[in-house]
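Below is one structure, written out as structure tokens; comments come after it.
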């Protein structure tokens, strides 16, 4: 099957965007945070874990650990206990402490606004960095590709790749930069509510004409 041209895919995205704007006009991250550092922590905890669970944990966690210094000075076993319900809690506790130390030593305790600087933090890859830059600083640095975006983008014919990095590059070529943050959030909510891993309800929406799995 011939791959659609970039021009055709951009036109397809515009039509899909209009539908998403109707369905999820106010889509944003489900993670709860009050500042960039809290969002960084929450996003690091959310890897292979639901946002609902992370929000439940951070509600208490952020009352106990309020600054990078609090995390950097936390006793490893105690921090592990405080985030125990999340997946890979031991590794995440280690990354939180290490990242907090770097923030203190290299960035004066502030979460940087540059992708390259965020990527030096342990436990932070492009997905996490994109979430932080997009929602804490409103900087469209890229497109967040989680399991929902990966599934929905393929079903809507926007990419044929399965590697998140390649999917992100594909989407960045066809989605206007100004829409990168919103488009990703909308795809995530569409994947949670409509195009789930178990059930595809696209047939009940205007998106049916663009879904390749119906």
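The values are calculated or read from the model by the stated rules, or taken from the named source; none is laboratory data. The model shown is predicted, which means the values in this text are computed figures rather than measured ones. Cβ atoms come from the backbone with ideal geometry, glycine included; neighbour counts cover every protein chain shown.
Residue 18 meets each of the listed conditions (1) in a helix (DSSP H, G or I); (2) without any contact (Cβ under 8 Å) to a residue 40 or more places away in the chain; (3) over 25 Å from residue 161 (Cβ atoms); (4) more than 21 Å from the chain's Cα centre (by Cα) apart from (3).
Here's the yes/no breakdown for (1) closer than 14 Å to residue 40 by Cβ; (2) over 16 Å from the mean Cα position of the chain (by Cα):
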position	(1), (2)
99	yes, yes
111	yes, yes
116	no, yes
133	yes, no
149	no, no
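Of the set (1) surrounded by 18 or more Cβ atoms within 10 Å (Cβ to Cβ); (2) farther than 16 Å from residue 39 by Cβ, all apply to residue 69 but (1). Look at the stretch 59-71: where a residue is in contact (Cβ under 8 Å) with a residue 60 or more places away in the chain, no partner that is surrounded by 14 or more Cβ atoms within 10 Å (Cβ to Cβ) sits 6+ places away or on another chain with Cβ atoms under 9 Å.
When we screen 53, 77 for residues that are assigned by TED's automatic domain parsing to the domain that holds residue 120 and either surrounded by 14 or more Cβ atoms within 10 Å (Cβ to Cβ) or touching a helix residue (DSSP H, G or I) at 6+ places or on another chain (Cβ under 6 Å) (or both), the only hit is 53. Of 160, 173, 178, 201, all but one fail to be in contact with a strand residue (DSSP E or B) (Cβ under 9 Å, 6 or more places away or on another chain) and more than 21 Å from residue 43 (Cα to Cα); the exception is 201.
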